[in-house]
Amino acid sequence: MSRMATVYIDNQPHAIDPKRNLLDGCLSLGFNLPYFCWHPALGSVGACRQCAVKQFKDENDKKGRLVMACMTPATDGTRISIQDPEAVEFRRAITEGLMQNHPHDCPVCDEGGECHLQDMTVMTGHDYRSYRFDKRTFRNQYLGPFVNHEMNRCIQCYRCVRFYREYAGGDDLHAFGLRDTVFFGRERDGVLENEFAGNLVEVCPTGVFTDATLKHHYTRKWDMQMSPSICIHCGLGCNIDAAERYGKLRRVVNRYNNEINGYFLCDRGRFGYEFANNEQRIRQPLISQEAVSLERGLWRWRQLISRHRIVGIGSPRASLESNFALRRLTGKDRFFSGLASQEFQLLKLMMDARRSGTVRWPSLAEIERCDAVLILGEDLTNVAPRMALAVRQSVRQQPIEQIAEPLKISRWMDHAVRDAVHEGKGPLFIATSNETKLDDFATRTFRGAPDDIARLGFAVAHAIDSGAPKPERLLQETAELASEIARALKDAKSPLIISGPSSGSAVVIQAAVNTALALTGSALAFTAPECNSIGLVLMEAPPLENAFGLEAETLIIVENDLYRRAPAPVVDQFLSKFLHVIALDSLANHTTARADLVLPAAAFAEGDGNLVNNESRAQRFFQAFVPAEPIQESWRWLGPWPKLDDVLDELTKEFPRLAPCIDAAPRSDFRIVGSKIPREPHRYSGRTAMLADVTVHEPQPPNDPDSALSFSMEGTPKQPPPPLIPFFWAPGWNSIQAVNKFQSEIAGPLKNDEHGVLLMEAGTAKPDFYRDIPEPFEIRNGRWLVVPLHHIFSSEELSRYAPGVAELSTSAYLALNPEDGTAIGAEALLLGNRLPVRIMPQLPKGVAGILAGVPPFEGIELPAWHAIARAI
Ligand code: SF4
Ligand code: SF4
Ligand code: FES
């Protein structure tokens with residue numbers, strides 16, 4: 001860390017990192033200083049003038065001058081005053097100016113009660129409106145199912161367009177200016193196209209952009225019961241807060257974790273939660289698909305699991321605890337991971353690289369700091385969206401270091417930095433079968449079949465280290481590209497290789513490992529398909545196919561639709577082998593439809609457990625509310641444990657490798673000054689009235705045996721350890737920007753610095769390179785190599801049941817390049833299915849794409865060669 005600067009604030013000396021600006025420094029020290037246009041992840045532009053402080057030349061200067069704290073560096077010896085009357089009045093007057101056109105509609109505004117503008121208005125003391133004329137009004141736009149628009153509330157801070165365009169790479173949201181009027185929106189009504197648009201809800205400091213899904217079941221922040229949770233819609237493990245009222249999940253907001261998601265989520269993670277309220281929820285035990293009472297369900301359950309041999313199928317979307325509970329019930333030899341063998345092998349390959357290799361597995365925060373990136377085979381925006389957002393920031397590192405820093409422009413001077421570097425981008429190379437949303441940022445892209453992507457990767461590794469095997473018969477242009485990539489990676493301070501299992505190719509992963517091994521000091525990031533894929537592999541259960549030959553009477557499937565893991569006829573045959581099939585799940589699916597007994601499992605916000613993300617980080621999620629009986633966690637249905645600590649103790653005894661999970665969050669007996677941590681804000685209202693139609697007595701809040709959180713507003717007002725923070729609130733800070741008060745320094749770790757525990761450290765021995773290099777891809781007559789394509793709102797299993805996500809999802813199609821598409825025509829036949837053909841200009845000839853996870857191709861193994869015919 002650089003030497004700290006001494007800054008005098010209202011005559012008191014304080015130590016501030018000189019790399020920070022004064023606003024950032026003051027907030028890091030805990031001072032209340034209002035701001036609008038500055039955002040810790042976006043930097044400073046000095047647009048709103050809200051953060052004014054008085055700066056003095058020295059101790060003899062009594063006059064001073066007003067400066068914007070966000071635009072002033074924290075240099076040693078700086079003297080400022082926050083309390084100076086002129087500064088105080090200036091800030092109040094700025095708020096009054098910003099409020100001049102503001103509609104003052106807090107009582108009917110969705111942002112009311114958690115609005116940064118409200119907070120800053122109170123903080124600056126603006127309490128009387130002198131403006132007596134007409135206000136400026138706008139026509140609002142329809143922006144899609146996720147984000148609502150109410151432009152009259154805008155204070156022209158420009159945060160929205162800066163986030164949307166400059167940070168997230170969107171280009172359909174603009175600032176339109178006419179005379180003294182500025183409008184923030186799209187050219188015309190329409191769905192916001194960027195996959196991170198939902199962050200506008202938190203980035204906008206007032207109620208212009210609000211959560212359109214919350215609007216359908218609106219509740220004020222102070223009336224919600226909240227819990228710390230983990231996103232379950234991909235394998236990155238972004239931290240979220242889930243919020244409930246009246247037994248219904250109301251929304252998900254970002255839970256700051258400086259190592260993973262920072263301030264931002266993707267839209268699948270933010271808005272996919274509504275699957276938990278879907279009418280396809282299983283809320284009662286089902287016997288032969290008929291809803292029955294809990295007692296009857298339990299009676300049948302006991303009947304089926306006693307006196308019978310049992311086989312158990314776990315799931316990468318179930319917690320460690322639920323998988324373990326099933327394994328304990330069936331015995332080690334009769335428990336299977338529920339992963340298709342292809343995916344299982346790919347995940348194992350990734351884990352082996354981690355175990356044996358010396359390469360670093362970076363967090364998303366580290367990815368943002370990398371300065372040269374090679375992506376092999378992953379369409380990040382659609383597979384691991386938050387990682388794509390991290391890569392967008394990493395591409396800025398080299399230009400900032402090489403152009404802005406020599407000009408002594410601090411990183412936080414956002415516009416000055418962007419002016420200096422113009423369109424400059426650091427090296428980013430993307431090798432995939434089809435175009436990706438990151439291509440606009442890429443130095444070079446490469447399109448090829450998975451084997452050709454792998455060959456490029458092997459060639460890069462060889463160009464870096466001649467000890468790595470060399471692909472033969474490489475096209476000259478591919479060889480040149482490999483040399484260019486190798487040079488860029490070698491010249492970088494912090495090079496990064498990204499790969500993963502989503503292209504279904506082992507050789508692509510092997511090529512990524514070779515490149516990382518060749519390049520000393522590089523980082524290797526893998527995506528993971530589901531929220532607990534890595535955790536499940538660490539439990540070392542064999543893949544689903546290994547269960548196919550086993551003899552038993554009863555099959556238990558936990559939170560897994562097997563029709564997404566294997567072809568339907570294969571699953572049909574497997575299920576029909578058993579006398580009894582029991583399924584535990586939260587949503588009805590093809591597998592539960594085949595079960596004799598179905599038990600209702602808790603959705604993520606209704607239960608507790610641990611999940612392991614793509615970097616092997618174990619993180620705990622907690623229930624936001626107790627679901628209506630008989631819904632409960634799968635581990636509770638399956639095991640004898642009265643509380644989470646007990647199952648975790650047994651699990652970690654059985655799997656020493658998973659032992660650090662215990663430290664992923666404090667145990668259930670953790671207390672702060674003898675008190676639990678409230679899930680409800682202290683202004684929570686209607687506790688007695690909420691159930692007045694049922695009882696006039698206030699019911700006892702439910703007990704929570706599993707965590708140190710309480711289901712009430714009673715408890716400690718002190719800041720809990722990070723894994724137990726259910727919401728961000730501090731006196732005077734009702735919006736999500738209260739996170740400032742929870743951080744050890746702005747944009748740094750939360751106080752007490754805990755953000756999950758890594759289960760796997762890199763090995764010390766450098767393994768040998770992979771040496772089996774595939775032959776070049778060759779076109780076949782009448783057959784196409786069908787590869788999986790992914791879509792953020794279509795390919796993931798659960799989020800598709802959220803109405804907003806469903807609105808943006810896509811049904812199956814066949815993607816072909818223009819030449820192949822012309823030959824096939826508008827509709828094609830593939831595996832007996834008639835599909836519309838979509839022309840994708842960048843798909844290589846001879847390669848076809850279908851959407852992974854979308855019916856009717858959910859369970860088929862890809863890539864694979866198939867005949868495709870013109871549909872007549
Ligand atoms: S819409 Fe919100 S974020 Fe955008 S300029 Fe207006 S107030 Fe700022
Ligand atoms: S990137 Fe993945 S984990 Fe993060 S919010 Fe999106 S779906 Fe959830
Ligand atoms: S926050 Fe400093 S000028 Fe806007």
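Name the single residue that is most open to solvent (accessible area, probe 1.4 Å) among those in the stretch 845-872 being farther than 26 Å from Leu798 by Cα and in a loop (DSSP other than H, G, I, E, B).
Among those residues, the one meeting the criterion is Ile872.
Restricting attention to the stretch 21-43, and to residues there that are of a type outside the set (Phe, Trp, Tyr), closer than 22 Å to Val203 by Cβ and part of a loop (DSSP other than H, G, I, E, B), which single residue is nearest to ligand 1 (Cβ to nearest atom)?
In this case the residue turns out to be Cys37.
So how many residues does the stretch 204-242 have that are farther than 17 Å from Ser707 by Cα, more than 14 Å from ligand 2 (Cβ to nearest atom) and not in a loop (DSSP other than H, G, I, E, B)?
Adding up the residues that qualify gives 10.
Report yes if some residue within the stretch 708-724 is outside any loop (DSSP other than H, G, I, E, B) and either open to solvent by 60 Å² or more (accessible area, probe 1.4 Å) or farther than 21 Å from Glu606 by Cα (or both); otherwise report no.
Looking for residues that are outside any loop (DSSP other than H, G, I, E, B) and either open to solvent by 60 Å² or more (accessible area, probe 1.4 Å) or farther than 21 Å from Glu606 by Cα (or both), one finds none in the stretch 708-724, hence no.
Quick one: which residue in Ala523, Ala512 is surrounded by 24 or more Cβ atoms within 10 Å (Cβ to Cβ), among the aliphatic types (A, V, I, L, M) and in contact with a Ser or Thr (Cβ under 8 Å, 6 or more places away or on another chain)?
Every option except Ala512 fails the conditions.
Only residues that are more than 16 Å from ligand 1 (Cβ to nearest atom) and open to solvent by less than 60 Å² (accessible area, probe 1.4 Å): list them for the stretch 44-66, please.
Those that are more than 16 Å from ligand 1 (Cβ to nearest atom) and open to solvent by less than 60 Å² (accessible area, probe 1.4 Å): Ala52, Val53, Lys54, Gln55, Phe56, Asp61, Gly64, Leu66.
Checking the conditions here, which among Glu775, Glu796, Glu827, Glu807 is more than 16 Å from ligand 2 (Cβ to nearest atom), closer than 28 Å to Arg386 by Cβ and at pLDDT 95 or above?
Only one candidate qualifies: Glu807.
Restricting attention to the stretch 563-570, does a residue exist that is within 21 Å of Lys348 (Cβ to Cβ), surrounded by 18 or more Cβ atoms within 10 Å (Cβ to Cβ) and touching a helix residue (DSSP H, G or I) at 6+ places or on another chain (Cβ under 7 Å)?
There is at least one residue in the stretch 563-570 that is within 21 Å of Lys348 (Cβ to Cβ), surrounded by 18 or more Cβ atoms within 10 Å (Cβ to Cβ) and touching a helix residue (DSSP H, G or I) at 6+ places or on another chain (Cβ under 7 Å).
Yes or no: the stretch 171-181 includes at least one residue that is open to solvent by less than 20 Å² (accessible area, probe 1.4 Å), in a helix (DSSP H, G or I) and closer than 27 Å to Ala442 by Cβ.
no
For the stretch 765-816, give me each residue that is open to solvent by 40 Å² or more (accessible area, probe 1.4 Å), part of a loop (DSSP other than H, G, I, E, B) and of a type in the set (D, E, K, R).
Lys766, Asp768, Arg771, Asp772, Glu775, Glu778
Give me the pairs: first residue in the stretch 152-163 and more than 7 Å from ligand 1 (Cβ to nearest atom), second residue among the β-branched types (Val, Ile, Thr) and part of a helix (DSSP H, G or I), beta-carbon distance under 7 Å, and six or more apart or on different chains, which are they?
Between residues of the stretch 152-163 that are more than 7 Å from ligand 1 (Cβ to nearest atom) and residues that are among the β-branched types (Val, Ile, Thr) and part of a helix (DSSP H, G or I), the close pairs are Phe163/Val203.
Look through the stretch 817-844, keep the residues that are out of contact with any strand residue (DSSP E or B) (no Cβ under 9 Å at 6 or more places or on another chain) and under 24 Å from Thr436 (Cα atoms), and return whichever of them is most open to solvent (accessible area, probe 1.4 Å).
Glu819
Are there any pairs with C-beta distances below 7 angstrom linking a residue in the stretch 28-41 that is closer than 10 Å to Arg159 by Cβ to a residue that is near ligand 3 (Cβ under 8 Å from one of its atoms) and not in a loop (DSSP other than H, G, I, E, B), with the two at least 6 apart or on different chains, and if so which?
Final answer for the pair search is Trp38/Leu23; Trp38/Ser44; Trp38/Cys70.
For the stretch 328-335, state whether one or more residues are surrounded by 24 or more Cβ atoms within 10 Å (Cβ to Cβ) and among the aliphatic types (A, V, I, L, M).
No, every residue in the stretch 328-335 fails to be surrounded by 24 or more Cβ atoms within 10 Å (Cβ to Cβ) and among the aliphatic types (A, V, I, L, M).
Per-residue answers, yes or no, for (1) away from ligand 3 (no atom under 16 Å from the Cβ); (2) free of Cβ contacts under 8 Å to residues at least 12 places away in the same chain; (3) closer than 21 Å to Asn817 by Cα:
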{"site": "Gly377", "(1), (2), (3)": "yes, no, yes"}
{"site": "Arg386", "(1), (2), (3)": "yes, no, no"}
{"site": "Glu401", "(1), (2), (3)": "yes, no, no"}
{"site": "Glu405", "(1), (2), (3)": "yes, yes, no"}
{"site": "Arg418", "(1), (2), (3)": "yes, no, no"}
{"site": "His422", "(1), (2), (3)": "yes, yes, no"}
{"site": "Gly426", "(1), (2), (3)": "yes, no, no"}
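It is to be established whether one or more residues within the stretch 588-595 are among the hydroxyl-bearing types (Ser, Thr, Tyr) and either open to solvent by 20 Å² or more (accessible area, probe 1.4 Å) or in a loop (DSSP other than H, G, I, E, B) (or both).
Taking every residue of the stretch 588-595 in turn, none turns out to be among the hydroxyl-bearing types (Ser, Thr, Tyr) and either open to solvent by 20 Å² or more (accessible area, probe 1.4 Å) or in a loop (DSSP other than H, G, I, E, B) (or both).
Quickly run through the stretch 1-23 and pick out the residues that are in contact (Cβ under 8 Å) with a residue 60 or more places away in the chain, surrounded by fewer than 16 Cβ atoms within 10 Å (Cβ to Cβ) and touching a Lys or Arg at 6+ places or on another chain (Cβ under 7 Å).
Within the stretch 1-23, no residue meets the criteria.
The values are calculated or read from the model by the stated rules, or taken from the named source; none is laboratory data. Here the structure is a predicted model, which means the values were calculated and not measured. Cβ: placed from backbone, ideal geometry, glycine included. Neighbour counts: every protein chain shown. Remember, those area values only see protein heavy atoms, side chains included, never the ligands or the DNA or RNA. Shrake-Rupley method; radii C 1.70, N 1.55, O 1.52, S 1.80 Å.
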